[in-house]
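Presented below is the structure to which this report refers.
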4 protein chains.
Amino acid sequence: MEKPKLPNVPRDPQADYATAAVAARHDLCERVAGLPLPYLAGAPVPSELAKGNIENMIGYAQVPVGIAGPLLVHTSRGTREVYVPMATTEGAMVASYSRGMRLLSLAGGARAQVTAEALSQHPVLVYAAADGALKAAEKARVLAERFATITSEITRHGRFLRVEPQVIGRRLILRLLFATGDAVGINMAARAADLCSAALARETGALERHVHGQDVEKRSNTRALVEGRGRSVIADVTVPRAHVEERLRTTPEALAAIMRTYATGYAQMATHNWLVQSANGLSAVMLACGQDVAYVTESANGFLDLEVTSAGDLYAAVTLPSLLVGTVGGGSGKGTANECLAVLGCQGEGHANTFAEILAATVLAGDLSLMGAFCANEFVAAHERLGRNRPT
Amino acid sequence: MEKPKLPNVPRDPQADYATAAVAARHDLCERVAGLPLPYLAGAPVPSELAKGNIENMIGYAQVPVGIAGPLLVHTSRGTREVYVPMATTEGAMVASYSRGMRLLSLAGGARAQVTAEALSQHPVLVYAAADGALKAAEKARVLAERFATITSEITRHGRFLRVEPQVIGRRLILRLLFATGDAVGINMAARAADLCSAALARETGALERHVHGQDVEKRSNTRALVEGRGRSVIADVTVPRAHVEERLRTTPEALAAIMRTYATGYAQMATHNWLVQSANGLSAVMLACGQDVAYVTESANGFLDLEVTSAGDLYAAVTLPSLLVGTVGGGSGKGTANECLAVLGCQGEGHANTFAEILAATVLAGDLSLMGAFCANEFVAAHERLGRNRPT
Amino acid sequence: MEKPKLPNVPRDPQADYATAAVAARHDLCERVAGLPLPYLAGAPVPSELAKGNIENMIGYAQVPVGIAGPLLVHTSRGTREVYVPMATTEGAMVASYSRGMRLLSLAGGARAQVTAEALSQHPVLVYAAADGALKAAEKARVLAERFATITSEITRHGRFLRVEPQVIGRRLILRLLFATGDAVGINMAARAADLCSAALARETGALERHVHGQDVEKRSNTRALVEGRGRSVIADVTVPRAHVEERLRTTPEALAAIMRTYATGYAQMATHNWLVQSANGLSAVMLACGQDVAYVTESANGFLDLEVTSAGDLYAAVTLPSLLVGTVGGGSGKGTANECLAVLGCQGEGHANTFAEILAATVLAGDLSLMGAFCANEFVAAHERLGRNRPT
Amino acid sequence: MEKPKLPNVPRDPQADYATAAVAARHDLCERVAGLPLPYLAGAPVPSELAKGNIENMIGYAQVPVGIAGPLLVHTSRGTREVYVPMATTEGAMVASYSRGMRLLSLAGGARAQVTAEALSQHPVLVYAAADGALKAAEKARVLAERFATITSEITRHGRFLRVEPQVIGRRLILRLLFATGDAVGINMAARAADLCSAALARETGALERHVHGQDVEKRSNTRALVEGRGRSVIADVTVPRAHVEERLRTTPEALAAIMRTYATGYAQMATHNWLVQSANGLSAVMLACGQDVAYVTESANGFLDLEVTSAGDLYAAVTLPSLLVGTVGGGSGKGTANECLAVLGCQGEGHANTFAEILAATVLAGDLSLMGAFCANEFVAAHERLGRNRPT
C-alpha cells in the first residue's frame, strides 16, 4: 500500500480567512489539479456559461468552499490521494471530515468500490383490468430487444439494461433500467422511458400511460434501499485500535456499542438513512462539484457499520445504495464545478465511478469522525469552538 | 384581494444569457430589494466574511441564480408578491416553477401558513433496566421547568417548549422541543439538549447518555412526518377550471386522477415524500438563500393534494411538516445569501415564518406545474427544449 | 360466464344460533364438500392427530366458524363457486364479507390470479471486509446449480429457483428463492437455506453465518411489498354502477373519492397495508383452514384499487404481494382445517394457488363491503345491530 | 423475590399425545384455574354461546392448545407464575417458548409493565381549504369537554382522554384517544369517534366526514410505533451469564452481536417489527384466549434488546408499543377462551393489563429462546426433531 504523499492542508492560526491563507490553499489546489482555478479565486463566471442550466438568470450565488483531507482511498481504478472540496456554510463540518480523513490515512486508506450501476425509470401503464396489465407485463419482456434499440437511437452514452415489469391491480409498473456512463443520465433515461413505454402502450392498448408514474426520483424510498439506484457504492476501512484511541479518543468497543442506541432510534423513526451525517458531506461535495443537490434526498440513504474485529481493531463501512452523481452533464463541466472536479482528478468522461467512490469514502470519514465525537462527548464543544456564526 | 403589481420577469429571446439580459433582471431585483446586490452581480465576496462558516477555505463556488415568479402569496403576515431566487444547474426548473407561479397569480395567489414551530432533539439515556428508564421519564416531566431555565441561560432566541419522554427497553428517549425564533436553531437546541439531558442523567443515575441518541437530524423519517419538526407549513390554492385548462392544458379531473397512479407508486416504495418535485424547488431556494441544503432530506417530505371542487375547479395543497429554514444564523446573513433573502424581503429577524410560507407556496407552484406537464405529456418535450447541457 | 348455482346461506331469523339452524348450514357444507364434516359438528378431534403440531397439549380451542358467500370467482384453474369458512369471534364480520360476495356474484364473479410464487430466505454471511462479501456474492451466483442440487436432495416438493446476493458493508445477504408446491414450505426452505449458505460459507471462508440473518419471516416489510413473497395474487372485478348503487347504497365516484382520504391517512402512517380490512378476512379464513395465522402480518399487506371506469362502473382490485398459505403441511390436513378446505374444494395437493385466489377474492369482497359501508356511513350502525357481545 | 412453585409441565416421552398425557396436563390446568375446563377437554361449546360473535355459523374450528411455562413474571399487580396456553399448529413453537420461560424463571422472573393505555381513532373531516381545517382543529381543542361528555353517555367502561388534531392540506385528522378499561374497546371507541366527529363537523361546516378516515386499525404502521396504541408494554430481564451459557449454549456477547446482523437486515426492509418471533407467540396466546388475531398485525410490532451488562450478564427487553388485547368483550368471555384466560388467572374485569404483561413476558421468552437457538445454530435441527408434520 503506497504511502500518503500530499501535505496537510496549510492553516494560519492567526488569520486563516485572510486573503493570504486562502490563496495558499488555492495554490495548493492548482498544483494538485494541474491547471489554473480562476473561478474559485473569485473571477466571475461568465453568464453565458450558464446557458442550459438556468432560466431568468440574475447572477451567481457564492458559497464558501473549503477542502477536507487529504483523503487516501483505494478505488476500483487504483489508489488516489485527494483534497475534497466541500461547499457549505455549516461551520465545523469541513474540520470534522478532515479529522476523519486523517484517521483513514493512518489506517492505510479507505477502500471504495462501485458495486452496481443502473438508473431506473418506472412508467406506469393502466389497463381495463389486471388481466390486461399482466399480459402487457409479458409483452414487455418480449420487447426487451426493441427497448434496447429505441434507447440506442437516442443516446450514445446510455444503454438499456433490462425491464422488470410489476403489476398492482390494473397498473403495469414498467421498471426500466439503464446504464448511463459518466452522467447521472436522468434526461436520457426519461426520454428512453417515454419512447419504450409508448411502444408498449401502442402494442397492448393501454388506457393511460404515465411516463413518471412511479416517481422514484429525488425522494427517500425503500426501492432504492433494496434494489439500488444510480451507483451503489461501498467504502470501508479497518482502523487499528491505537489510532481510534489516539485520534478519536474512544475505543472500537464504544463505537460499536453506540450503534445499538442509534439503531433503536432509527428503527422507531422508520428512517431509510442509517448513516450519521451522510447528508452533510454529500451535499457539500455535490454542491462544490456541480451536482444536483436535490439528489441528496436519495443519495444520503444507506448503512453504517462500526464493529470490533477479532483483533480488537475497528471495522467501519459505509454502504450507499443509491448515489446519483456524474462527472458529465448537468452543472458538472463548467465554472467552479469543473474546477472542483479537477481538484479531485475527476473531470469529465471516465471518472464518475471514481468520483462516487471518493464520495463514499468521504461519507465514511465524516461518520467516523462524528461518531467518534459523539462517543467522546465532544460534539457540542467542537461546534462551540468552530461555528461562531449562529445566534444564541 | 389585492392585484398583482410586479412585472413579469424580462427575457431576451435572442440573448437571454448575455450580460445585458442578466443585468436587466438583476436591476429589477435591486429595485425590489431596495438595496444594491453587488455579490450576485459578480463582486467577489471577501473570504473573511466566511469566517465561522467553513474551514480550509479555498474560495467560493459559483452557482447560477435565476428568479422564478412573480409569486403572489397570502402569508400569515399579509400578502406578498415576490420574485423567488433559485440557485441550480438543472435546466428547465426555474421555468417550471415560474409557470406554476403564474397560475397561482391568476388564481388570486396562494395561501400559506406556518402551522407549528418546534425543533426537536432526542438525547437518549440508558439505565440498568426498563424500570429505571420509566422512573427517569417521570422525573423528566417534573424537571420541565428546570429545562426551561437551563435553556434560557444559554440563548436569547431559543425557548424550551416541552419534554415528551418515551421508553424503549431500558432506553429513555428524551424528546425535547424548542422554539428557535428566526433561526433553524440546531446548535442552540443541541447545546440545551446536552445540558438538560446531563441534568436528568445526574439526578437519575443514567449509565450512558447520548446527546444525539435518536438522531432525527437530516434524514427522512416518519417522526417528522407525523409530529412535524422545525416549521410545519401548508400552502394551498383553488385554481379556476378555465385557468387549469388554458395554462396547464389539462383538467382538474385529470390532475386529480393522476394522483391515484402516483399514490400507488409511492405506497409501494414506502416513501415519506408524497410531493412531486419538492426537493428541486426547496434545494434551489435554500441554496440561493444560504440555508443548509442537507436539510432538504427532511424538508422535502410531505403531501400534495390535487382535487376537484364541487364547482369543478382545482383545489391544490402542499403540506410540509418539517421545513428546516431560518433567516438568521448559518449562512443566511452574508454575501449572496443575504442578497437573495433581500430580494424576497426576508432578511434577518422577524422573517423566518414568511420565508417558510414563501417556500411552501413555491413548492406548490412547482408541483402544480410539473403535474400539469405530466398530465399533458409535455414533460420530456420541455426538457428537450430548455435543458441543452446534458450529454445524449 | 356460467351462472351462480349455489343457494344463499340459509338463515333462521328467529333462532339462527340454535342447533337446527347451525345444522342446516352444516348439512349444506357437507353436500358441497361431498364428505362428512364431523369435527366441525362437534366431534372432538383425537389428540393424537395433533402430533407434530403442538407440544404440551391440553386440548383444543374451539373457535366459531361461519360461512360467507356464496363467492363466485374465476380462478386460474377455472370458475369456482364456494362458501368461504371463516373462524372468528368478531360479530358482523362474516356478514360484511357475505355482502361483498353477493356483490361480486352480481357482477359476474371476481377474477383472481396468482402472479408469482417464490418463498425467500435470506441467510447472512459476514466477512472480514466488503471485498470478501463482494467476492462471495459472485461465488454465490456461480454456485446456483449446486444450490439446486442441494435443495433437490432434501425435498420432493420444493425447488430452488435462483439466488440474488446483495452486499451491505461486509455482510452478504444471500437471497435464495424457492418454489414450494402446495405448501408454505418454510421448514423446507429454511433447511435448504442452511445447507446452501453453509456450502458457500465453506468455499469463501465466511467469519460468521446466520441462517435467518435477514429475518423476513412474519413481519410487515417493504421487501415483500416490492418483491413479493410466497404467493402474489391479484383479484379484481368490474361492478356495474346499478349494483353499487343498489347494494352498497353509494356510487362508484364516492368509492373512488374516499380512497383519496384513506391514501393521505396511510401515507402519514407509512403503513405497508393499503387495503381496508384484509387482516380480518385473511385471519378468519386462515384460522378456519389450519394456516399459520402469524403469517397474517405479512399476508395482509397490499393494495386496494377502487376506480370509476369510463362507462361509469366501478373497477375494484386487491393486490396481495405476499400471501403465505398452503393446502399441504402445517395444520392444513387435519381435523376441522381439513374439513374447511374440503368445503372450499381445496384439500391437499394441487390446490394451493386456487386457495390463494379464493383468499384474494375474499379480501376483495370484504374491502368492497366495508368501503361501501364507510361511504354510506353505515359502519357503526351495522356493528350496533350485529355485534352484541361487547361491553359498553 | 419469591420462589417458583409451579411444577414443570408433565410430559410422557412414550405417548405424549395419548389421552392420558393430555388429560394429566389438562388436570394440572384445572387445578391452577380453580375451575373445570370442560370445553378444552372436548365438550362441544353450545352454538348459542357464539351469538354476537359470528354469522352463518356451521360449527367450531378446533385448534390444538398446548401450555408453555411455567412463566414467572413480576407484573404491575404483583408476581405471577402461570402456564401460558398457546393455540397453534406450528410444531416446535410451544417448546421454544417453554425453553425461554425456563430461562426467565432461572433469572428470577421477567419484569413486565404496561406503560401507556390509549386506544386511538382518527376520523377525518374535509373542508373547502386548509384554513377551514386549521380553524376546525382549534375548535376541536375547545370541544374536548364535550367529547368527554359524549363518550360518557355511550359507555360505562370507556373514557375520553384527549384530542390531538392534525391538518394535512384541507383535511383535519381528528386524533381521539380513549381509555377502554379491560376491553380492546374498538366498537365503543368507534361509536364515540362517530359522535364526536359529527358534533365537530356540524359546528365547523365540514364538507365530508369519514369516521375511519385515517384507518390505523389492524395494520402495521409507524404511528403506533412512535405513539403507541392500545396498551404499550415493556418486559425485561437480566439473565446471569451462567444460565445463558448452560441453557442457551451461547454467550451474552454472541446474543448482543447477532443483533447487529439482524438490525442491518431489518433496516433494509424498513420493517416495523424489530423482534424475532413476536407474531408466533402473540397469535398463539391471542387465539387461545379469544382475542381478535387480526390485531397481531399491529401488536407484533416493537423492539428487542439483547445487551451485555457491565457484569457480563445478559440484559434482554421486549417493547410492544401497540398491543391490542382485552379480557372483556369480543370472544374473551366464552367457551375455551374463557377457560384459557382462567388458566392465566386473567378472566374478566381487572385483568387486561396483567394479561398484556404476561403476553409481553411471553414474547420475551420466545425471542430469547429463538435467538439463543440461532446463535447456537440449533434452529433447523430443532424443527427437524419436533415438527414432523410438514411435507419435504
Within the bounds of region B:309-316, is there any residue that is in contact with a strand residue (DSSP E or B) (Cβ under 9 Å, 6 or more places away or on another chain), in a strand (DSSP E or B) and within 11 Å of chain D (Cβ to nearest Cβ)?
-> yes
Is there a residue being in a strand (DSSP E or B) and open to solvent by less than 10 Å² (accessible area, probe 1.4 Å) anywhere in region D:244-251?
-> no
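Return the only residue of D:LEU119, D:LEU104 being within 20 Å of the chain's Cα centre (by Cα) and assigned to a strand (DSSP E or B).
After applying the criteria, what remains is D:LEU119.
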Single match in C:VAL285, C:VAL276, C:VAL293, C:VAL233 (criterion: crowded, with 23+ Cβ neighbours inside 10 Å and over 24 Å from C:GLU349 (Cβ atoms)) = C:VAL276
Collect the residues in region C:1-18 that are at the interface with another protein chain (Cβ under 9 Å from one of its Cβ atoms) and in contact (Cβ under 8 Å) with a residue 24 or more places away in the chain, keeping them in residue-number order.
-> C:VAL9
Could you check how many residues of region C:312-336 are open to solvent by 10 Å² or more (accessible area, probe 1.4 Å) and without any contact (Cβ under 8 Å) to a residue 60 or more places away in the chain?
-> 1
Please specify each residue of region C:252-271 satisfying the condition of being of a type in the set (A, V, I, L, M, F, W, C) and open to solvent by 40 Å² or more (accessible area, probe 1.4 Å).
-> C:ALA257
Quick one: is D:GLY109 modelled with pLDDT of 95 or more, facing chain C (nearest Cβ under 10 Å), at positive phi and open to solvent by less than 10 Å² (accessible area, probe 1.4 Å)?
-> no
Within region C:184-201, is even one residue closer than 26 Å to C:GLY52 by Cα, among the hydroxyl-bearing types (Ser, Thr, Tyr) and either modelled with pLDDT of 95 or more or more than 25 Å from the chain's Cα centre (by Cα) (or both)?
-> no
Between a first residue in region D:85-112 that is farther than 16 Å from D:LEU314 by Cβ and a second residue that is among the acidic types (Asp, Glu), which pairs have beta carbons less than 6 Å apart while being 6 or more apart in sequence or on different chains?
-> D:GLU90/C:ASP292; D:VAL94/C:GLU55; D:ALA95/C:GLU55; D:ALA112/D:GLU357
What pairs can you find where one residue is in region D:287-299 and closer than 9 Å to C:ALA279 by Cα and free of Cβ contacts under 8 Å to residues at least 40 places away in the same chain, the other is open to solvent by 10 Å² or more (accessible area, probe 1.4 Å) and not in a helix (DSSP H, G or I), and their Cβ atoms are less than 6 Å apart, with a gap of 6+ or different chains?
-> none
Could you tell me whether any residue of region A:155-170 is open to solvent by 30 Å² or more (accessible area, probe 1.4 Å), modelled with pLDDT of 95 or more and either more than 14 Å from chain C (Cβ to nearest Cβ) or in a helix (DSSP H, G or I) (or both)?
-> yes
Taking region D:237-266 and keeping only residues that are of a type in the set (Gly, Ala, Ser) and within 13 Å of A:MET259 (Cα to Cα), one is left with D:ALA256, D:ALA257, D:ALA263
Of everything in region B:113-143 that's open to solvent by 30 Å² or more (accessible area, probe 1.4 Å) and more than 10 Å from chain D (Cβ to nearest Cβ), which residue is nearest to B:VAL318 (Cα to Cα)?
-> B:GLU117
Of the conditions (1) closer than 30 Å to B:GLU253 by Cα; (2) within 13 Å of chain D (Cβ to nearest Cβ), C:GLU208 clears all except one; give me its number.
-> (1)
One residue from D:ALA235, D:ALA224 being part of a strand (DSSP E or B) and within 29 Å of C:GLU298 (Cβ to Cβ) = D:ALA235
Of A:PHE178, A:PHE147, the only residue that is more than 30 Å from C:ALA360 (Cα to Cα) and in a helix (DSSP H, G or I) is A:PHE147
Of the residues in region C:48-105 that are facing chain D (nearest Cβ under 9 Å) and on the phi > 0 side of the Ramachandran plot, the one that is surrounded by the fewest Cβ atoms within 10 Å (Cβ to Cβ) is C:GLY52
Counting only residues that are outside any loop (DSSP other than H, G, I, E, B), more than 25 Å from B:THR115 (Cβ to Cβ) and facing chain A (nearest Cβ under 8 Å), how many does region B:318-339 have?
-> 3
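Residue by residue through region A:17-44, note down the ones that are in a loop (DSSP other than H, G, I, E, B) and either among the aliphatic types (A, V, I, L, M) or under 25 Å from the mean Cα position of the chain (by Cα) (or both). Outline the logic, then answer.
Narrowing region A:17-44 to residues in a loop (DSSP other than H, G, I, E, B): A:17-18, A:34-44.
Across region A:17-44, the qualifying residues are A:ALA18, A:GLY34, A:LEU35, A:LEU37, A:TYR39, A:LEU40, A:ALA41, A:ALA43.
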Cβ-Cβ under 9 Å pairs, at least 6 apart or on other chains, region D:197-223 side open to solvent by 20 Å² or more (accessible area, probe 1.4 Å) and among the hydroxyl-bearing types (Ser, Thr, Tyr), far side modelled with pLDDT of 95 or more and in a strand (DSSP E or B) = D:THR204/D:LEU125; D:THR204/D:LEU172
Could you check D:ARG229 against (1) touching a Lys or Arg at 6+ places or on another chain (Cβ under 8 Å); (2) farther than 29 Å from B:GLU227 by Cα; (3) within 12 Å of another protein chain (Cβ to nearest Cβ) and say which number it fails?
-> (2)
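Taking region D:252-278 as the region of interest, how many residues are among the hydrophobic types (A, V, I, L, M, F, W, C) and in a loop (DSSP other than H, G, I, E, B)?
Selection size over region D:252-278: 3.
Every residue, every condition in (1) closer than 30 Å to B:ASN187 by Cβ; (2) modelled with pLDDT of 95 or more; (3) touching a helix residue (DSSP H, G or I) at 6+ places or on another chain (Cβ under 7 Å); (4) of a type in the set (Lys, Arg), yes or no:
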position	(1), (2), (3), (4)
B:ASN221	yes, yes, yes, no
B:GLU227	yes, yes, no, no
B:VAL233	yes, yes, yes, no
B:THR238	no, yes, no, no
B:ILE258	no, no, yes, no
B:THR264	no, yes, no, no
B:MET269	no, yes, yes, no
Working only within region C:19-47, note down all residues that are within 8 Å of another protein chain (Cβ to nearest Cβ), farther than 30 Å from D:ASP12 by Cα, open to solvent by 10 Å² or more (accessible area, probe 1.4 Å) and touching a helix residue (DSSP H, G or I) at 6+ places or on another chain (Cβ under 7 Å).
-> C:THR19, C:VAL22, C:ALA41
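The values are calculated or read from the model by the stated rules, or taken from the named source; none is laboratory data. Small disclaimer: the values here were computed from a predicted structure and weren't measured. Methodologically, a virtual Cβ is constructed for each residue, glycine included, from the backbone with ideal geometry; neighbour enumeration extends over all protein chains shown. These accessible areas exclude ligands, DNA and RNA; they are computed on the full protein's heavy atoms, side chains included. Shrake-Rupley method; radii C 1.70, N 1.55, O 1.52, S 1.80 Å.
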